[in-house]
1. Hand me the list of strands (runs of 3 or more DSSP E) wholly inside the stretch B:18-120 holding 3 or more residues that are hydrophobic (A, V, I, L, M, F, W, C) and more than 14 Å from chain A (Cβ to nearest Cβ).
2. Does the stretch A:227-238 hold any residues that are touching a residue at least 60 places away in the same chain (Cβ under 8 Å) and either among the aromatic types (Phe, Trp, Tyr) or open to solvent by less than 20 Å² (accessible area, probe 1.4 Å) (or both), and which are they?
3. If we scan the stretch A:297-315, do we find a residue that is open to solvent by less than 30 Å² (accessible area, probe 1.4 Å) and either charged (D, E, K, R) or farther than 21 Å from residue A:261 by Cβ (or both)?
4. Can residue B:317 be described as among the aliphatic types (A, V, I, L, M), touching a helix residue (DSSP H, G or I) at 6+ places or on another chain (Cβ under 6 Å) and not in a loop (DSSP other than H, G, I, E, B)?
5. Within the stretch A:165-186, can you find the residues that are closer than 14 Å to residue A:394 by Cβ and assigned to a helix (DSSP H, G or I)?
6. Out of the residues in the stretch A:52-63 that are in a loop (DSSP other than H, G, I, E, B) and free of Cβ contacts under 8 Å to residues at least 24 places away in the same chain, which is surrounded by the fewest Cβ atoms within 10 Å (Cβ to Cβ)?
7. Residues A:190, A:181, A:168: which one is more than 22 Å from residue A:244 (Cβ to Cβ), more than 10 Å from chain B (Cβ to nearest Cβ) and in contact (Cβ under 8 Å) with a residue 40 or more places away in the chain?
8. If the requirement is being more than 19 Å from the chain's Cα centre (by Cα), touching a residue at least 12 places away in the same chain (Cβ under 8 Å) and either assigned to a loop (DSSP other than H, G, I, E, B) or surrounded by 16 or more Cβ atoms within 10 Å (Cβ to Cβ) (or both), which of these qualifies: B:365, B:342, B:310?
Amino acid sequence: MRKAISSLLAISAATALGVFPAFAAAPGTIAIRNARVVTVSGPVLQRGTIVIRDGLIEAVGEQITVPSGAWVIEGDGLTVYPGLMTSLSTWGIPQPNASGGGERNAPAPPPARGPEDRPATTSWLHAADLIQSSERRLEAARSAGFTTSATFPVNGIIAGHGAIINLAGETPGSMVVTPSAGLYMTMNPAGGPSYPGSLMGVIAYIRQVFLDAEHYQMLKADYEKSPAGKRRPAYDRALEGVLNAPRILLPAVNAAQIERMLRFAAERKIRAVLYGGHEAYRTAEALKQSGAPILLNASWPERDREADPDAEETLQVLELRENAPSSAAALAKAGVPFAFYASDSASPRDLLRGVKKAIDAGLPADRALRALTLSPAEIYGVADRLGSIEKGKIANLLVTKGDLFQERTRVQYVFIDGNKYEPAAPVAAQAEGAAR
Amino acid sequence: MRFRISLLSLALCVAAPLAAAPPIVIRNANVLTVTKGSFQGSVVIQDGKIVEAGPNVLVPQGATVIDANGMYLMPGIIDCHSHIAIDAINESSVSVSSMVSIEDVLNPDAISIYRALAGGVTTANILHGSANAIGGKCSVIKMRWGKRASELLFQGAKPGIKFALGENPKRRGSAPPGVQGTPNLRYPATRMGVEDVIRQAFTEARIYQAEWREYYRKVEKNEQAIPPRRDLKLEPLVEVLEGKRLVHAHCYRADEILMLLRIADEYGFKIKTLQHVLEGYKVAKEIAAHGAGASTFSDWWSYKVEAYDAIPYNAAIMVRKGVLVSLNSDSAELMRHLNTEAAKTMKYGGLSETEALSLITINPAKQLEIDHLVGSIEPGKQADLVLYDKHPLSNYAKVQKVLIDGEIYFDRDKDLSERPAKEARKKMLLEREKQRQAEQAKNAPSGRQQ
């Protein structure tokens, strides 16, 4: 009962504080004048001006004249960055309540007996169809400086298609930058007595699905060419989803997994993007050779707080925990394309704290910023519209007082599609103060 | 930007470090060649291979000389049945799991590789588990500790597959928690059912094989044809039918051993090895007649009902009846002292020293069809060697050095001397972890309020 009330309160609070005031009326033209502008794609402008019109960056530079009639934000003491982008999350997709939905009473599906049953496969799902503009985590993400997310359905083995979304919009459709970011896969067994029940079963299953998709495409093409006298191939939504994928996301946390997924991608000629990367500091060279980008989970491994304090840990595990945050620096040095994200349980602020650890472990700060802006945009093929402060790009901006990676830095505003959002930071600060 | 991955570039960086190592001479050793007798002398290694072995050899210029000081040099031990260095063992959801592959789940960071090395093992047959009548594809690997997964693979080894009979494959599984009764559990539940599953699978494989033959026939005649759907479950079974993949069959009881040999004869394929085969002594003649090898334990049994009727003379009796016999570990622990397992066959069954050593070297090499490459100390073979301080069939023998492809992968002195530094490193890392946790506690609250 108590739980129900508090969650109700939380929802109404989010509605009151977050959504409505956040939607500032969008004037025709906005100019941020004489701010420090970190363009990412070019040099830092110490006194730069940015003109935003119709949701796009109309002009940026040091010698820009502010158009008459523009709303002007005086930029003294402010720094403008491209809006931050997480390279992998479920932000925007409503998460089921912990109390569980009505599905619990539904009978469990019969266990899969082979790849033909397409176990744990929902390759027909598209994040673009699942997101909601009122999803409760968007507010926290914006408040931390994020304007964009590569959002994916993540359940099952072949979970579904991600979308690049802006973290605000009047309708879900208006949030979508591209509905086709890639197909998300895991190596998680199907569960229960179902096939596949092991890691090697999962790999064999995915391999079979790729082979089936190739064969399906062949049959369809042949039928379309001359249908007369031929039995039509049955429509298969699981395979359609695989054939449509512009890239495949594959999990790879430790060195063995990274090498395994690179081999698998090479074998199947998959355009792969790996995610995880905690032991990438050992495999930067192999990643470089492969050409595959990797998404780094900045929720770095730490000892479980509830772990038995007397349990002896191996040197291998200790080395991993010590060195994981240095993976980013190693990848930057080797020239491997990488971007950051965080575990689903981590907050957007935690993601930035994780990136700060990567900086402390040797990653140059400008590379860290790039891995939160232009690099993910490049990895997902949207760098022509997102990821840097350039004329013509979507006006997704982050305005701060202070340097982005300092704990005390305040987010002043974010702009998403040219609309200004003020963070809910004062509320959070009060809560933090109260907690102390 | 291009993300496509080139197999070639992966291969190139694998091959690069192998070039131009200086020759190695191990001299002043008691050399147990296994196939060509024993002698006091030297072994010369060049480019990863044994180039000369004998009492007197020519030492090549610039060679690294290892003085064995009268210690014992034998071929690297080959374990025909192991489950180390993999991130999954069983795909137990189905009774025929031939679509899965051990190669996909090799983990080169498994410490069991290094421990196996320290026990003199240089090569092992990494098998899928025994949960299925027909299990997954297996991989022969070398214990190249420190290398990548793809570099562990034994190049030139014939592919294999695991079969299993008896108690393990007939386990139906159990209902998931909270589910009443035993719905949708796995077939089979009896030994008869295991036989049926194998027959059914090979019947399907024959049909599949015929579909592809028909397709190739059409292609040859330039007729229009769409290839059949590739079926990863049936492909390896067709390879078995065509003699391209070796069958390693887990079994215990004499009756089911005969059952499997009959199926193989009926479908026209060979069982390459019977694994465990604790009742092999009862049907050794039949095993020899089929041409199957036997890979067994020295004296490990009674861990389940079907493993009770076992005797320590099993290996020796099968040897005397003309079966190609090896001793395997099936265990990361037993794997570290296969030499003493071999020695037991001298006490139980009276095998000679050479016969005993054969059980863990040249015989398993033959069973894996890699005996032209490894398994004995002969010029032309790969330099996979173990140096023991005492005779390897002695309880007191300790492994001093292990070479694979002429490269030292285990060195006891080095291991001992590196331990203090590793201890210190571990202590330092633990200390730093404590610091990190303390800092984190100080910087709390965490992101919950966000």
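The values are calculated or read from the model by the stated rules, or taken from the named source; none is laboratory data. This is a predicted model, so every value here is computed, not measured. Positions of Cβ are generated from backbone atoms using ideal geometry, with glycine treated the same way; all protein chains shown enter the neighbour counts. These accessible areas exclude ligands, DNA and RNA; they are computed on the full protein's heavy atoms, side chains included. Shrake-Rupley method; radii C 1.70, N 1.55, O 1.52, S 1.80 Å.
1. B:24-32, B:38-46, B:49-54, B:77-82
2. A:238
3. For the stretch A:297-315, residues open to solvent by less than 30 Å² (accessible area, probe 1.4 Å) and either charged (D, E, K, R) or farther than 21 Å from residue A:261 by Cβ (or both): absent.
4. Criteria met by residue B:317.
5. A:174, A:175
6. Filtering the stretch A:52-63 for residues that are in a loop (DSSP other than H, G, I, E, B) and free of Cβ contacts under 8 Å to residues at least 24 places away in the same chain, the one surrounded by the fewest Cβ atoms within 10 Å (Cβ to Cβ) comes out as A:63.
7. A:168
8. The unique qualifying residue is B:310.
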